[in-house]
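Take a look at the structure below.
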Amino acid sequence: MVSDKINILLVEDERIIAEYNSLVLQKHGYSVLCAFTGEDAVHIALSNNYISLILMDINLGKGITGLQAAEIISENKLVPILFLSNNIQLETVKGIEAFIPYGFLSKSSSESLLIISIITALRLFERYKDLVKQIA
């Protein structure tokens, strides 16, 4: 993976959805790595220095959830995480309050909304890093 590209780690347990989203992201110029479990997401995120953003499904079937994976990743690495879910309920949204959420999308969101959300999350993350540098 080339470091000057925007590299997205797509975490999705449903392979058909992962393949579709991967194609959409690639069409817009992003490089995509896929993880199909929370455990794989943690391993890939923590062992890859070129991840620009994580697109994380909250419900990942067996094993750890997307929220648990995000917590482990966030404790060890500074990377924006944009959450995806079919089940958007207040309880789920409250579950992401422990992180610095860079967005929350329904899996049924349009392609345009997905791309705009990624662009926004990346800009917010760059602004955050600039502010941290100013304070230090």
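The values are calculated or read from the model by the stated rules, or taken from the named source; none is laboratory data. The structure presented is a predicted model; accordingly, all values stated were derived computationally and were not measured. Quick reminder, even Gly has a Cβ in these numbers, built from the backbone with ideal geometry, and neighbours come from all protein chains shown. The accessibility values were calculated without ligands, DNA or RNA, using every heavy atom of the protein model including side chains. Shrake-Rupley method; radii C 1.70, N 1.55, O 1.52, S 1.80 Å.
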remark   = Going through (1) at pLDDT 90 or above; (2) open to solvent by less than 40 Å² (accessible area, probe 1.4 Å); (3) outside any loop (DSSP other than H, G, I, E, B) one by one, residue 79 fails only at (3)
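Give region 25-60 a look and list any residue that's among the β-branched types (Val, Ile, Thr) and within 17 Å of residue 86 (Cβ to Cβ), or say none. Spell out how you get there, then give the answer.
Taking region 25-60 as the starting set, the residues that turn out to be among the β-branched types (Val, Ile, Thr) are 32, 37, 42, 44, 51, 54, 58.
Across region 25-60, the qualifying residue is only 58.
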ask   = Quick one: is residue 75 on the phi < 0 side of the Ramachandran plot and without any contact (Cβ under 8 Å) to a residue 12 or more places away in the chain?
value = yes
Residue count, region 49-65 (criterion: open to solvent by less than 40 Å² (accessible area, probe 1.4 Å) and either under 23 Å from residue 123 (Cα atoms) or acidic (Asp, Glu) (or both)) = 8
message = Against the conditions (1) open to solvent by 10 Å² or more (accessible area, probe 1.4 Å); (2) of a type outside the set (Ser, Thr, Tyr); (3) under 24 Å from residue 124 (Cα atoms), where does residue 87 fall short? Just the number, please.
response = (3)
query = What number goes with the only condition from (1) farther than 25 Å from residue 110 by Cα; (2) not in a helix (DSSP H, G or I) that residue 39 does not pass?
reply = (2)
ask   = What about residue 8, is it out of contact with any helix residue (DSSP H, G or I) (no Cβ under 9 Å at 6 or more places or on another chain), of a type outside the set (Lys, Arg) and either under 21 Å from residue 87 (Cβ atoms) or modelled with pLDDT of 95 or more (or both)?
value = no
